[in-house]
1. Hey, any hits in region 86-105 for a residue that's in contact with a Phe, Trp or Tyr (Cβ under 9 Å, 6 or more places away or on another chain), in contact (Cβ under 8 Å) with a residue 12 or more places away in the chain and surrounded by fewer than 18 Cβ atoms within 10 Å (Cβ to Cβ)?
2. Output the residues belonging to region 227-239 that are crowded, with 23+ Cβ neighbours inside 10 Å and farther than 15 Å from Met273 by Cβ.
3. Mind checking which residues of region 248-270 are near the ligand (Cβ under 7 Å from one of its atoms) and touching a strand residue (DSSP E or B) at 6+ places or on another chain (Cβ under 9 Å)?
4. May I ask you to list the residues in region 218-232 that are more than 8 Å from the ligand (Cβ to nearest atom), touching a Phe, Trp or Tyr at 6+ places or on another chain (Cβ under 7 Å) and hydrophobic (A, V, I, L, M, F, W, C)?
5. Evaluate the following for Tyr58: is it within 19 Å of Thr85 (Cα to Cα), crowded, with 19+ Cβ neighbours inside 10 Å and over 14 Å from the mean Cα position of the chain (by Cα)?
6. What number of residues within region 295-309 satisfy the criterion of being within 12 Å of the ligand (Cβ to nearest atom) and under 20 Å from Gln256 (Cβ atoms)?
7. I'd like to know if region 233-243 contains one or more residues that are closer than 17 Å to Asn213 by Cα, within 7 Å of the ligand (Cβ to nearest atom), hydroxyl-bearing (Ser, Thr, Tyr) and touching a residue at least 12 places away in the same chain (Cβ under 8 Å).
8. Which residue out of Glu287, Glu312, Glu292 is more than 9 Å from the ligand (Cβ to nearest atom), without any contact (Cβ under 8 Å) to a residue 24 or more places away in the chain and of a type in the set (D, E, K, R)?
Amino acid sequence: MSEILVLVEQVDGEVKKVTLELLTLARSLGTPSAVWAGPGFGADAKAKLAEYGAEKIYVAGSADVVDYVVAPKAELLAQLVGSATPAAVLVAATAEGKEVAGRLAVKTDSGVITDAVGLGEGFVADQSIFGGGVNVHSRVTKGTPIIAVRPNSTAPAPAPAAGAEEEVSVALSDSAKASKIVERVKQEKGARPELTEAAIVVSGGRGVGSAENFSIIEGLADVLGAAVGASRAATDAGWYPHQFQVGQTGKTVSPQLYIAAGISGAIQHRAGMQTAKTIVAINKDPEAPIFELADFGVVGDLHQIVPQLADEVSKRK
Ligand SMILES: Cc1cc2nc3c(=O)[nH]c(=O)nc-3n(C[C@H](O)[C@H](O)[C@H](O)COP(=O)(O)OP(=O)(O)OC[C@H]3O[C@@H](n4cnc5c(N)ncnc54)[C@H](O)[C@@H]3O)c2cc1C
């Protein structure tokens with residue numbers, strides 16, 4: 001089977017879930033090889049990548065690969081595309097992943113697809129475009145397909161493989177070293193998962209009513225192990241920080257479950273959550289447009305329903 005390169009996303013040597021998803025996806029189309037960029041590769045990472053199907057792991061352990069902004073990762077992948085001639089390259093459709101994908105496409109004279117939510121036979125990618133109003137199937141017709149896949153597009157499934165390690169040294173160009181990272185500041189993180197990676201997202205909108213009332217949304221999120229999101233109406237009102245806004249001008253999420261409470265379902269909000277696998281809407285207005293999209297709808301006051309739901313979930317734990 002043909003080799004498929006998967007760029008590993010990791011933090012402090014710990015492999016992120018999206019990489020396991022990409023390996024799972026790659027396995028359905030070929031033989032996955034993980035590409036590790038930067039220092040920190042250890043036994044745990046190796047075991048994890050092998051567990052999810054990496055036949056080979058290319059390790060470019062030089063600090064240079066991660067000490068400069070984005071460009072070195074594209075050069076590393078371009079070098080591997082040249083030497084390994086893979087059938088495709090998969091990266092996570094994060095802000096950085098998409099920039100790596102774009103640069104790699106230019107370097108290898110290939111086509112690129114971003115924000116794929118599925119990938120099938122012949123590397124035909126599914127995308128949801130125009131604010132989620134149109135589903136597109138597209139395929140790269142030139143060079144090596146480079147595909148940026150959104151987190152949560154596939155459920156990761158283990159399938160142990162060899163995980164054979166191969167060291168890679170990459171000769172970076174001067175232009176790849178144009179902007180050096182001089183400091184890294186750890187973002188204060190709560191116990192909740194990162195919004196764009198969470199398997200479950202509970203979002204609140206104008207119907208929540210106030211900043212204080214967002215504790216109801218957080219309460220449900222916490223019993224479900226979910227991330228919290230918000231509509232723009234809620235973030236603009238200052239009820240919840242802007243970094244949690246879901247939608248066209250916020251974050252795009254693709255969780256297994258999205259619960260929208262007190263959100264009407266404006267097209268700009270849909271643009272950020274429409275590809276969720278299951279959508280649950282809680283809204284007091286039975287005519288709210290969100291119900292057109294929802295798999296399950298509850299008509300009623302979220303201030304009663306959301307705490308009841310949280311209680312029920314915690315009873316089952
Ligand atoms: C260029 C542009 C970009 C935009 N980008 C984004 C974006 O990224 N994300 C985004 O979300 N929006 C975005 N918007 C704004 C978007 O158009 C909507 O205004 C916004 O999504 C509305 O938020 P909402 O659904 O919370 O509020 P509303 O539309 O006011 O809906 C509130 C809903 O809550 C329900 N409700 C009220 N009280 C209760 C209750 N007690 N219990 C249950 N339900 C209740 C109501 O029935 C209603 O359906 C953008 C707009 C523009 C023009």
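The values are calculated or read from the model by the stated rules, or taken from the named source; none is laboratory data. Note that the structure is a prediction, hence the values are computed from the model and not measured. Virtual Cβ from ideal backbone geometry, glycine too; neighbours counted across all protein chains shown.
1. Scanning region 86-105, I find at least one residue that is in contact with a Phe, Trp or Tyr (Cβ under 9 Å, 6 or more places away or on another chain), in contact (Cβ under 8 Å) with a residue 12 or more places away in the chain and surrounded by fewer than 18 Cβ atoms within 10 Å (Cβ to Cβ), so the answer is yes.
2. If the condition is that a residue be crowded, with 23+ Cβ neighbours inside 10 Å and farther than 15 Å from Met273 by Cβ, then no residue fits.
3. Gly250, Ala261, Gly262, Ile263, Ser264, Gly265, His269
4. Within region 218-232, Val228 is the sole residue that qualifies.
5. Numbers: within 19 Å of Thr85 (Cα to Cα): yes; crowded, with 19+ Cβ neighbours inside 10 Å: yes; over 14 Å from the mean Cα position of the chain (by Cα): yes.
The answer is yes for Tyr58.
6. 3
7. Looking for residues that are closer than 17 Å to Asn213 by Cα, within 7 Å of the ligand (Cβ to nearest atom), hydroxyl-bearing (Ser, Thr, Tyr) and touching a residue at least 12 places away in the same chain (Cβ under 8 Å), one finds none in region 233-243, hence no.
8. Details: Glu287 fails: more than 9 Å from the ligand (Cβ to nearest atom); Glu292 fails: without any contact (Cβ under 8 Å) to a residue 24 or more places away in the chain.
So the residue among Glu287, Glu312, Glu292 that is more than 9 Å from the ligand (Cβ to nearest atom), without any contact (Cβ under 8 Å) to a residue 24 or more places away in the chain and of a type in the set (D, E, K, R) is Glu312.
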